[in-house]
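The values are calculated or read from the model by the stated rules, or taken from the named source; none is laboratory data. None of the values given here were measured: they were computed from a predicted structure. Note: ideal-geometry Cβ built from the backbone for every residue, glycine included; neighbour counts use all protein chains shown.
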């Protein structure tokens with residue numbers, strides 16, 4: 001390397017000091033510092049780094065990552081012809097200002113929360129969750145404010161998206177505590193629910209002290225003859241339940257840690273204590289007060305920033321600083337400690353600005369490198385970007401855009417049944433996966449292949465008629481090579497290679513029907529691995 005590790009670390013230390021007190025750190029400056037920190041942490045003179053990806057691949061990558069869709073041929077061409085040296089930075093800023101940014105990332109967090117729901121009824125909160133979170137993200141509300149909404153919300157789950165975690169965990173005290181820790185801190189403290197954590201420092205008492213922030217929360221049916229819904233309630237007045245009452249779980253004034261030797265015993269009453277700082281709230285504190293206090297302590301903690309930095313880095317580069325996006329903490333070693341510490345501190349200095357964080361990551365050389373297959377364990381991290389299988393919403397959007405097909409809006413009954421009642425939701429049942437799992441686990445399946453090949457929606461969009469794009473292109477583009485190029489641009493956001501042009505030319509020439517030949521090409525493109533991945 002041209003700079004020694006000591007020189008780079010000294011430079012970064014000076015940069016951190018000079019940025020102290022700034023209202024918002026420069027995305028370009030921090031991106032450069034992160035790249036230098038990665039070099040200091042990981043690379044030497046023998047490290048082979050992938051080159052910068054070309055503009056076409058970058059455009060498709062950043063469109064999918066930020067707004068969850070692919071660019072049109074016109075948008076792609078405009079970007080490719082733009083001579084400005086900072087056009088990549090400008091494109092990122094433009095996409096972050098697009099309303100589809102909030103929609104795309106609200107769907108990401110919806111899946112983070114609802115893929116681990118205890119009950120199918122949790123799907124009732126999916127639509128308001130998307131709507132509310134999408135609005136907050138587009139308004140660029142800080143991540144600590146958004147986290148506070150999820151930790152403190154109550155109300156009808158069909159109307160208040162912030163109730164999603166409580167609804168997903170059916171108002172159960174221990175499960176809510178575990179999910180709040182997993183999602184916002186990246187710490188899997190639930191492993192200490194029944195015994196001290198086998199691998200980390202967390203004790204059983206610490207888990208139940210965290211659970212003691214939520215005993216007064218419950219989910220109960222809404223008593224309304226006109227709709228079927230549930231509401232999240234924080235209760236502070238209690239009556240003794242009738243003997244033999246087996247209805248919905250009743251909230252309690254304080255949380256009791258079960259006695260493992262005598263499950264019928266009342267257990268030990270637990271003081272509400274935040275396990276990372278040992279800060280406590282007084283006995284008898286109301287539900288609103290204890291949840292608000294937990295939100296304040298949690299969002300001020302360094303692991304709050306580190307958790308979202310690691311999660312978004314993993315989503316945008318295909319690999320995180322830690323092996324898992326939701327199993328980090330003081331007993332885990334990151335692969336690039338200087339880089340993750342720097343990015344976490346600067347994200348906190350930005351005021352937990354999510355748009356700032358995404359823009360910064362997208363400006364790093366690490367993000368902009370060409371993609372390579374997932375590395376082996378002994379290989380150096382972050383020498384290239386890693387191909388990502390598209391999430392179900394991204395794939396659905398890409399299909400609609402490539403085939404110029406309008407999305408069918410869900411009718412009233414489909415909306416009332418939640419996300420899974422809509423065409424998009426049904427598509428998600430086949431192609432969806434938990435965004436918190438390791439990406440190598442999100443592999444394609446036979447049902448997915450069959451669904452994409454035999455889907456009635458896709459078939460209607462591809463088969464020629466006077467209304468759809470393929471029919472219009474066939475009628476207005478007599479040159480086969482030009483039509484081939486147009487379909488590649490629409491589906492893969494690139495021009496075909498000479499070899500691909502030659503192969504398709506031969507196929508069309510040998511086909512009995514030009515229309516069927518290009519229908520086959522459209523089918524093959526949307527069914528290709530290249531279409532279904534973000535490279």
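On inspection, residue 175 fails the criterion of being within 25 Å of the chain's Cα centre (by Cα), free of Cβ contacts under 8 Å to residues at least 60 places away in the same chain and either in the same structural domain as residue 324 (by TED's automatic domain parsing) or surrounded by fewer than 19 Cβ atoms within 10 Å (Cβ to Cβ) (or both). Considering (1) free of Cβ contacts under 8 Å to residues at least 12 places away in the same chain; (2) assigned to a loop (DSSP other than H, G, I, E, B), the lone condition that residue 494 does not fulfil carries the number (1).
When we screen 74, 130, 139 for residues that are outside the structural domain of residue 155 (by TED's automatic domain parsing) and either within 25 Å of the chain's Cα centre (by Cα) or surrounded by fewer than 20 Cβ atoms within 10 Å (Cβ to Cβ) (or both), the only hit is 74.
Note on segment 267-290: among residues that are assigned to a helix (DSSP H, G or I) and in contact (Cβ under 8 Å) with a residue 24 or more places away in the chain, the one that is surrounded by the fewest Cβ atoms within 10 Å (Cβ to Cβ) is 288.
Taken over segment 472-491, residues that are over 25 Å from residue 59 (Cα atoms), assigned to a helix (DSSP H, G or I) and in contact with a helix residue (DSSP H, G or I) (Cβ under 8 Å, 6 or more places away or on another chain) amount to 2.
The selection criterion, being surrounded by fewer than 20 Cβ atoms within 10 Å (Cβ to Cβ), under 27 Å from residue 109 (Cβ atoms) and touching a strand residue (DSSP E or B) at 6+ places or on another chain (Cβ under 7 Å), holds for residue 233. Filtering segment 291-307 to residues that are within 30 Å of residue 376 (Cβ to Cβ) and either assigned by TED's automatic domain parsing to the domain that holds residue 162 or surrounded by fewer than 23 Cβ atoms within 10 Å (Cβ to Cβ) (or both) leaves only 303.
In this structure, is residue 170 at positive phi, touching a residue at least 40 places away in the same chain (Cβ under 8 Å) and in a loop (DSSP other than H, G, I, E, B)? When the stated conditions are applied, residue 170 passes them. Restricting attention to segment 206-226, the residues that are in a helix (DSSP H, G or I) and either touching a helix residue (DSSP H, G or I) at 6+ places or on another chain (Cβ under 7 Å) or not assigned by TED's automatic domain parsing to the domain that holds residue 156 (or both) add up to 4.
Yes or no, residue by residue, for (1) modelled with pLDDT of 75 or more; (2) in a loop (DSSP other than H, G, I, E, B); (3) farther than 21 Å from residue 161 by Cα:
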residue	(1), (2), (3)
427	yes, no, yes
430	yes, no, yes
443	no, yes, yes
447	yes, no, yes
452	yes, no, yes
457	no, no, yes
460	no, no, yes
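Does segment 301-315 include one or more residues that are under 23 Å from residue 361 (Cβ atoms), in contact (Cβ under 8 Å) with a residue 12 or more places away in the chain and more than 21 Å from the chain's Cα centre (by Cα)? For segment 301-315, residues under 23 Å from residue 361 (Cβ atoms), in contact (Cβ under 8 Å) with a residue 12 or more places away in the chain and more than 21 Å from the chain's Cα centre (by Cα): present.
Residues in segment 29-56 that are modelled with pLDDT under 95 and assigned to a helix (DSSP H, G or I): there are none. I'd like to verify a number: residues in segment 184-205 that are touching a residue at least 12 places away in the same chain (Cβ under 8 Å), in a helix (DSSP H, G or I), surrounded by fewer than 23 Cβ atoms within 10 Å (Cβ to Cβ) and under 27 Å from the mean Cα position of the chain (by Cα), how many? The qualifying residues number 2. The residue that is modelled with the lowest pLDDT, among those in segment 462-476 that are loosely packed, with under 12 Cβ neighbours inside 10 Å and closer than 14 Å to residue 516 by Cα, is 465.
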